[in-house]
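The values are calculated or read from the model by the stated rules, or taken from the named source; none is laboratory data. All of these numbers come straight from a predicted model, not from anything done at the bench. Counting neighbours? That spans all protein chains shown, and the Cβs are built from the backbone with ideal geometry, glycine included.
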Amino acid sequence: MRVSGRSMAPTLHPGELVVVNERAYARRAPRRSELVAAAPSALGGAAVVKRLAGLPHERLDVEGRRWELGEDEFFLLGDGAGHSTDSRAFGPVRRAELLGPAQLRLWPWRVLTNPSQ
């Protein structure tokens, strides 16, 4: 997947290529703080890479707004909050919309650190 935009800076930058493990969530649950690729229906299914900030059944206060996540809902945030279209704009995403964790940056090469990998 190619990164576009500055929403994940300084972690990822426009034009970088990342590898997404699309089979990971068949074996384990998504983890807080990991980088994930998602295809939110609110964006017409366009794929994005964001940080997983909220898990099902959690309450979050983000920029003065309270979010209560349902049983199958996850909250995504960009690392570069000022440049990110994320769950603050399109709302929580369902697990089916999570494509998998972003695990490697191919260009320039680097292993992406995700919690409990």
Within the stretch 60-108, considering residues that are of a type in the set (Asp, Glu) and modelled with pLDDT under 95, the one farthest from Pro14 (Cα to Cα): Glu63
Selection count, the stretch 12-54, where residues are loosely packed, with under 12 Cβ neighbours inside 10 Å and in contact with a Gly (Cβ under 8 Å, 6 or more places away or on another chain): 1
For the stretch 1-40, name all the residues that are of a type in the set (Val, Ile, Thr) and under 11 Å from Arg51 (Cα atoms). Thr11, Val36
